[in-house]
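A.B. asks: Take this structure first; my questions come after.
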Amino acid sequence: MHVVVASNPTARFGRSEPVGALVAARIADLGHRVEHVVAVDFAGQLEQTRFAMIQADVLVVVGGDGMVHLGVNIVGGTSKRLVVVPSGSGNDFARTLELGSTGTVIDSLEAILAGEPDRVDLVRIEHPDGVTLAAGIVSVGFDADVNVRSFRFTRVPSRIRYQAAILATVLRPRHRTFRVRLDGGAERSWRTLVAAISNNRSFGGGIPIAPGADLRDGRLTAVFADELSYPRFLWLLGKVLRGRHEADSRVHIVDCESAEIASDETVIVCADGEIVGRLPVRCSVMPGALQVLHRR
């Protein structure tokens, strides 16, 4: 089997040895042909890994949700399979699939590579700069602002960077007005802080923005909140962090197959914790579009 290992160079096992090198060596010891791709930035990693995968069968991504995002934009919608070795700061996709710890996945690589794939849904995001696929959450509200700010916190340790960005964004939350159309229905104007289209149920290292979302149901989950005063926003944020916001009348959670979002403002769009473009976007579900190999 021809396997490409793409790893985040900052991901380390036991905070000492790079995980990607360990994974590549383990797979080579199993008798497979291995190429290990490491790049200093996401764009370079994407380009080099996509080229390496032309002749390969399986892509192994080593890192967090950002590396999953890279992986689905290479093998999503194809017959090639993805293996995730979770070693990032968030690991929401890995947590949902119950992949286990970094060491557990490494120890199970022989069985994983010999197994049958699990098919999960993806999100197709059409935006002004092209088309991007995502595995988890597409965000344009408060959570997108957190993501953008976290990229600027380069001096903050990666394991707490997202939490630090949340705290900083809470101090100056920003309402935006969106035009939203679900499943081609009537357009609705929404002024809100919280706006997300979810395939996975959590983001940001376990924040359950869409507790009822399912990676295998062929549906997306749209989450929007009403316009809120600052004290009510803080109250609602506390509920969201605990996954107790579904029953709140100020939160609207709707299952759909497609969602269109536009705004008169320039709004950054994030997916899987990565910046993918700007509004307007059309998000649509791709049922069973990703083949994932993992322990059952």
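A.B. asks: Show me the strands (runs of 3 or more DSSP E) found entirely inside segment 81-142 where at least 3 residues are within 17 Å of V5 (Cα to Cα).
C.D. replies: In segment 81-142, the matching strands (runs of 3 or more DSSP E) lie at 81-86.
A.B. asks: Now, a different point. For the structure I just gave you, tell me whether R81 is within 15 Å of H294 (Cβ to Cβ), within 16 Å of the chain's Cα centre (by Cα) and among the charged types (D, E, K, R).
C.D. replies: no
A.B. asks: Only one of (1) at pLDDT below 95; (2) surrounded by 14 or more Cβ atoms within 10 Å (Cβ to Cβ); (3) of a type in the set (D, E) is not met by D214, so which one is it?
C.D. replies: All conditions pass for D214, except number (1).
A.B. asks: Restricting to segment 248-296, count the residues that are under 16 Å from L133 (Cα atoms), of a type in the set (D, E) and over 17 Å from the mean Cα position of the chain (by Cα).
C.D. replies: 2
A.B. asks: If I filter segment 182-193 for residues that are under 27 Å from Q291 (Cβ atoms), in a helix (DSSP H, G or I), in contact with a strand residue (DSSP E or B) (Cβ under 6 Å, 6 or more places away or on another chain) and at pLDDT 95 or above, do I get at least one hit?
C.D. replies: no
A.B. asks: So, one more: Kindly indicate the residue of segment 244-296 that is of a type outside the set (A, V, I, L, M), within 30 Å of G115 (Cβ to Cβ) and touching a helix residue (DSSP H, G or I) at 6+ places or on another chain (Cβ under 8 Å) and also surrounded by the most Cβ atoms within 10 Å (Cβ to Cβ) among those meeting that condition.
C.D. replies: D272
A.B. asks: Among the residues in segment 268-288, are any touching a residue at least 12 places away in the same chain (Cβ under 8 Å), assigned to a helix (DSSP H, G or I) and farther than 23 Å from A164 by Cβ?
C.D. replies: no
A.B. asks: Need pairs with beta-carbon distance below 8 Å; first residue closer than 19 Å to S79 by Cα and within segment 42-60, second basic (K, R); sequence gap 6+ or separate chains.
C.D. replies: M53/K80; A56/K80; D57/K80; D57/R81; V58/K80; V58/R81; L59/K80; L59/R81
A.B. asks: Could you list, in sequence order, all residues of segment 164-201 that are farther than 22 Å from L228 by Cα and in contact (Cβ under 8 Å) with a residue 24 or more places away in the chain?
C.D. replies: Residues satisfying the conditions are L182, D183, G184, N199, N200, R201.
The values are calculated or read from the model by the stated rules, or taken from the named source; none is laboratory data. None of the values given here were measured: they were computed from a predicted structure. Backbone-built Cβ (ideal geometry, glycine too); neighbour counts: all protein chains shown.
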